Amino acid sequence: MMLLLTPRDVAQIVRAQGLAGALQRLASAIEADFRRWAAFDKSARLASHSRDGVIELMPISDGVRYGFKYVNGHPGNTRLGLPTVMAFGVLADVATGAPVLLSELTISTALRTAATSALAARALARPGSRTMALIGNGAQAEFQALAFHHLLGIDEIRAFDIDPAATAKLRRHLQAVRGLRVRACGSAAEAVRGADIVTTATADKTRAAVVRADMVEPGMHVNAIGGDCPGKTELHPDVLRRARVIVEYEPQTRIEGDIQQLPSDFAVTELWQVLQGSAPGREHAQQVTVFDSVGFALEDFSALRWLRDSALELGLGSAAALVPELVDPKDLYALLEHAPRQATTPVCAEPAALLST
Ligand SMILES: NC(=O)c1ccc[n+]([C@@H]2O[C@H](COP(=O)([O-])OP(=O)(O)OC[C@H]3O[C@@H](n4cnc5c(N)ncnc54)[C@H](O)[C@@H]3O)[C@@H](O)[C@H]2O)c1
């Protein structure tokens, strides 16, 4: 039977492994999958754009398992009391097509994005990096800060958000983390000044230039995660022009990443090449490096694998009978004949209909 994991189950997995341990295991799973890049059947995600946001489907398969994620991006959602990003995903058995896992992926997306950012930064940031500017202090921010703290040794975060309440929330959540200091800054330029790493995690469906070329110092690594949709960018094109740019999956990033602002022959390197050792990461101390991250299906596939293995180890989650259990697999109709008669009000009735009954 298929395993169902809710946000509460995923929170329990993280609690059991500790956030540092969970990020470490997830980063190892993502790195292992990037290293076997050729094994995957890959495609750019399928996006359905609307005025207020985007809904995307992200499929991938390694020939043994097939996975997909449903995810949205609606920057105006927080005003409605909803997160900007919400997601769930499925892992299925390629040999039979049977789904084996249905899981929440909202928390998991934040975890895998942060783990992937830290993996890329390990290869691209200057060795010994200690300070990180964090611009955009919303839902992803704590995860980014903690992944860079635990996996890279970042001990100072310089935080900036146009919404001071978001920065206050970030400081409140991280104040008890030993060995990590969070300093609120009055502008993006102030946060970036002197930092080793610059992470941008803003959400605005516009061609923004949160980081300009005059803000970037030699040797900085820019981890840009918020420019992930056509017409939605964070870096001024001159930041990219003077940098070594690493992407996840070039066909998708050309459409969605910050490099959408540049000609299609602008040179980029894919992350798997760097992690496999077939292309260099940082080439010299003065080089500016950019990880133009948009989020790729492989990272969610790794996250789904980690979630299933962890849940089975810890005895978490519940069995969900989403697929019919048939005595005779050719006799689907029998299910209708043996269904119990519905005596109560249908659960999907409109609230108004419920009130009038
Ligand atoms: N690359 C990936 O894999 C990946 C994964 C998840 C989310 N994302 C993207 O990351 C971004 C952040 O996601 P989130 O869930 O934290 O969103 P969120 O809405 O919770 O937070 C975004 C924050 O950015 C701030 N902001 C907007 N414009 C700003 C600006 N010009 N300067 C400073 N701050 C600004 C907002 O006030 C808000 O606090 C989104 O764009 C999302 O699409 C990317």
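What number of residues within region 174-209 are of a type outside the set (Val, Ile, Thr), under 20 Å from the mean Cα position of the chain (by Cα) and more than 17 Å from THR131 (Cβ to Cβ)? Total meeting the criteria: 3. Which of the following residues is more than 25 Å from THR289 (Cα to Cα), aliphatic (A, V, I, L, M) and surrounded by 22 or more Cβ atoms within 10 Å (Cβ to Cβ): LEU3, LEU91, LEU23? Residue meeting the stated conditions: LEU91. Just need a number here: residues in region 49-85 that are farther than 22 Å from ALA110 by Cβ and small (Gly, Ala, Ser). Counting residues in region 49-85 that are farther than 22 Å from ALA110 by Cβ and small (Gly, Ala, Ser) gives 3. Going by the structure shown, is ALA209 among the hydrophobic types (A, V, I, L, M, F, W, C), out of contact with any Asp or Glu (no Cβ under 7 Å at 6 or more places or on another chain) and within 16 Å of the ligand (Cβ to nearest atom)? Against the criterion (among the hydrophobic types (A, V, I, L, M, F, W, C), out of contact with any Asp or Glu (no Cβ under 7 Å at 6 or more places or on another chain) and within 16 Å of the ligand (Cβ to nearest atom)), ALA209 qualifies.
One residue stands out in region 212-258 among those that are of a type outside the set (Asp, Glu), under 25 Å from ALA47 (Cβ atoms) and in contact with a Pro (Cβ under 9 Å, 6 or more places away or on another chain): the one that is nearest to the ligand (Cβ to nearest atom), namely LYS232. Scanning region 81-139 for residues that are of a type outside the set (A, V, I, L, M), more than 16 Å from the ligand (Cβ to nearest atom) and within 18 Å of PHE34 (Cβ to Cβ) turns up just one, ARG122. Restricted to region 34-56, and to residues there that are part of a strand (DSSP E or B) and surrounded by 15 or more Cβ atoms within 10 Å (Cβ to Cβ), the residue that is nearest to the ligand (Cβ to nearest atom) is VAL54. Among residues of region 133-144 that are modelled with pLDDT of 95 or more, those with a Cβ under 9 angstrom from a residue that is within 9 Å of the ligand (Cβ to nearest atom) and aromatic (Phe, Trp, Tyr), sequence gap 6+ or separate chain, pair up as ALA133/PHE160; LEU134/PHE160; ILE135/PHE160; GLY136/PHE160; ASN137/PHE160. No other residue among GLY97, GLY67 is in contact with an Asp or Glu (Cβ under 7 Å, 6 or more places away or on another chain) and not basic (Lys, Arg) apart from GLY67. Elements of the type strands (runs of 3 or more DSSP E) sitting completely within region 58-121 and holding at least 1 residues that are polar (S, T, N, Q): these cover 65-73, 99-104.
Being touching a strand residue (DSSP E or B) at 6+ places or on another chain (Cβ under 6 Å) and among the aliphatic types (A, V, I, L, M) is the filter; apply it to region 104-120 and report the residue that is nearest to GLY194 (Cα to Cα). The selected residue is ALA120. Screening the candidates PHE148, PHE143, PHE88 for the property of being closer than 21 Å to ALA189 by Cα and touching a helix residue (DSSP H, G or I) at 6+ places or on another chain (Cβ under 8 Å) yields one hit, PHE148.
The values are calculated or read from the model by the stated rules, or taken from the named source; none is laboratory data. Note that this is a predicted model, so its numbers are computed, not measured. Positions of Cβ are generated from backbone atoms using ideal geometry, with glycine treated the same way; all protein chains shown enter the neighbour counts.
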